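Below is one structure, written out as structure tokens; comments come after it.
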Amino acid sequence: MTSLAVDETIARAVEVLRENDQGAYTIPTKGLYPFQWNWDSCLTALGLAHYDEARAWTEIDTLFAHQWPDGMVPHIIFHVWNDGYFPGPDVWRTGRPTETSGITQPAVAGFAVRRLFDRARDKTLAAARARALLPKIDAWHRWFYENRDPKGEGLVAIIHPWESGRDNSIDWDDAFERVPTEGVEPYTRRDTLHADPAHRPTKEQYDRYLWLLQHFRSLGWDNARLHDASPFQVVDPGFNAILIRACADLADLAEALGESKIAEANRDRAQKGLTAMERLWSDAHGQYLCLDRTTGQLIDSASVGGILAAFAAIPELRAAALAARVEHLAGRARYVVPSHDPDDPRLDAKRYWRGPVWLVVNYMIADGLTAGGRGDVARRITQSSLDLIRESGFAEYYDPLTGGPLGGGRFTWTAAMVIEFLRRA
Ligand code: DGY
């Protein structure tokens, strides 16, 4: 790309961010997602920092202002009333002062805050804002291991597919069979008013999402009980890698700010998690797989979750194997990294997390592979991401075979990632 083209693309990305900016938080996109989402916001902050550092810190501060007393940071904050989304606060009924959902999402905050801090032009502002966030992020990390790893194995489970962020991945299909659908209250979906139903999860999946929500609600959203009471407990390598990376980053940040207790606790969590990740490795697939905690078995589904594990400081040998996986996938799909392996007949190139390419996932994999010495493969991922933007605009996700835009349009975190890719290229 010429530097003029880079400037123009960044300017277009900034336009998307500004359009979705609500003042103290951003919405992922108009219509489909009218509230604040947890991991969207943290990754979006990196893009905001490109033109307004104070605003970037505020994005994360706003999210953490709605942290639960037990330490959980919810996946949606319903700042305003809007009936364009289902399930809204009237369904979650978590009873928080500002309504929130009752489940969480990937813990990217620790990573994002460290990156904002390291790159800050305004160091005084960064030190003050990071120092205030440190104990809150530390409390969230502690919450994860206390509530989602009750046996202290070093790996946390998700108890609802929405927690993974990869809502309808093929990874969940078998475990999801155990989630009943009887007793689900009648509902009307709103997502399919804003996006093509062929790009979205199915009705059967929605029934099960709702059953889990109602089940947790009937237990009073008491996190001390939810893990064991959930028929769905899956250990996702991508989700754990993000948490491990966030713990390691928070430890470094705490060290830099002289908070040695927080540094030590997070260093220990990261180390224990990295050791435990080996349990998820599959030689047969050459990547990590999910583990179904209720059966104790690895799940035979080679999705991008197992490649996203590159985001943590996994052993060199594993990083090399994941780089080889991406190279293999690049020979099978026109654009990398597909959210599922095209060799698997279950791939659905257009449906949400069952095949499409997502730029946030690309960003984290590329970042991890660069750190692991595989800058060549990372550059290939970056190039694919930029090709998609050029051909199909700032979509929510993309068809890995045709490059066509899918899901919502004018998408905030896609725009933020483009700024990241271009400033790093
Ligand atoms: C949705 O509604 O599609 C969200 O991904 C759930 O968080």
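We did not get these values from a lab; they are worked out from the coordinates using the rules stated. In this text, all values refer to a predicted model and were calculated from it rather than measured experimentally. Cβ coordinates were reconstructed from backbone atoms using ideal geometry, including for glycine residues, and neighbour counts include every protein chain displayed.
General observations
- Calculated over the range 130-276: convex hull of Cα atoms, volume per residue (Å³): 138
- Taking the inverse of the mean reciprocal distance over all distinct Cα pairs, the Kirkwood hydrodynamic radius of the range 76-127 comes to 13.6 Å.
- Projecting the Cα positions of Gln105, Ala263, Gln233 onto the charge dipole of the chain (unit charges on Cβ atoms of Lys, Arg, Asp and Glu, taken about the Cα centre) puts Ala263 furthest along the positive direction.
- For the range 327-356, the list of trypsin sites (Lys or Arg not before Pro) that fall in a loop by DSSP and count at most 12 other C-beta atoms within 10 angstrom reads Arg346.
- Residue with peak Gaussian network fluctuation, the chain [Cα springs, cutoff 10 Å], from Ala323, Ala415, Ala276: Ala276
- Computed FRET value (nearest 0.05) for Arg142 with Phe86, which takes r as the C-beta separation and R₀ as 41 Å: 0.80
- Normalised by 2.2 N^0.38 Å, where N is the number of residues, the alpha-carbon radius of gyration of the range 1-114 equals 1.14.
- Going by neighbour counts of Cβ atoms within 10 Å, the residues Leu369, Leu226 line up, fewest first, as Leu226, Leu369.
- 3J(HN,Hα) from dihedral phi, the range 80-95, Karplus parametrisation 6.51/-1.76/1.60, rounded to Hz, x for glycine, proline: 10, 7, 7, 8, x, 10, 10, x, x, x, 5, 8, 5, 6, 8, x
- Inter-label distance, Lys30 to Thr2: 3.2 nm, where each label sits 7 Å from its Cα along the C-beta direction.
- Sites listed here are chymotrypsin sites (Phe, Trp or Tyr not before Pro) in the range 182-215 whose DSSP assignment is loop and whose Cβ has at most 16 other Cβ atoms within 10 Å: Tyr187.
- For the range 255-353, the ratio of Cα radius of gyration to the globular rule of thumb 2.2 N^0.38 Å stands at 1.29.
- Debye intensity ratio I(q)/I(0), log10, the range 272-425, q values 0.18, 0.19 Å⁻¹ (C-alpha model): -1.04, -1.14
- Where a label projected 7 Å from the Cα of Ala224 along Cα→Cβ would reach, residues of the range 122-149 with amide N under 19 Å: 139-149
- Radius of gyration and maximum dimension Dmax of the range 213-282, Cα, Å: 15.7, 43
- Straight Cα distances below 28 angstrom link Lys30 to the lysines Lys203, Lys350, with same-chain residues fewer than 8 positions distant left out.
- For a straight C-alpha distance cut-off of 30 angstrom, the lysines reachable from Lys261 (same-chain residues fewer than eight places away being disregarded) are Lys123, Lys136, Lys151, Lys272.
- Segment Arg121-Glu316, length gained on full extension (0.36 nm per residue, minus Cα span): 66.9 nm
- Alpha carbon centroid spacing (whole Å) that separates the range 332-367 from the range 196-251: 21
- Nearest-20 debye value, the chain charge dipole, Cβ charges on Lys, Arg, Asp, Glu: 560
- The convex hull defined by the C-alpha atoms of the chain has an orientation-averaged projected area of 18.2 nm².
- Volume of the Cα convex hull of the range 338-410, divided per residue and given in Å³: 81
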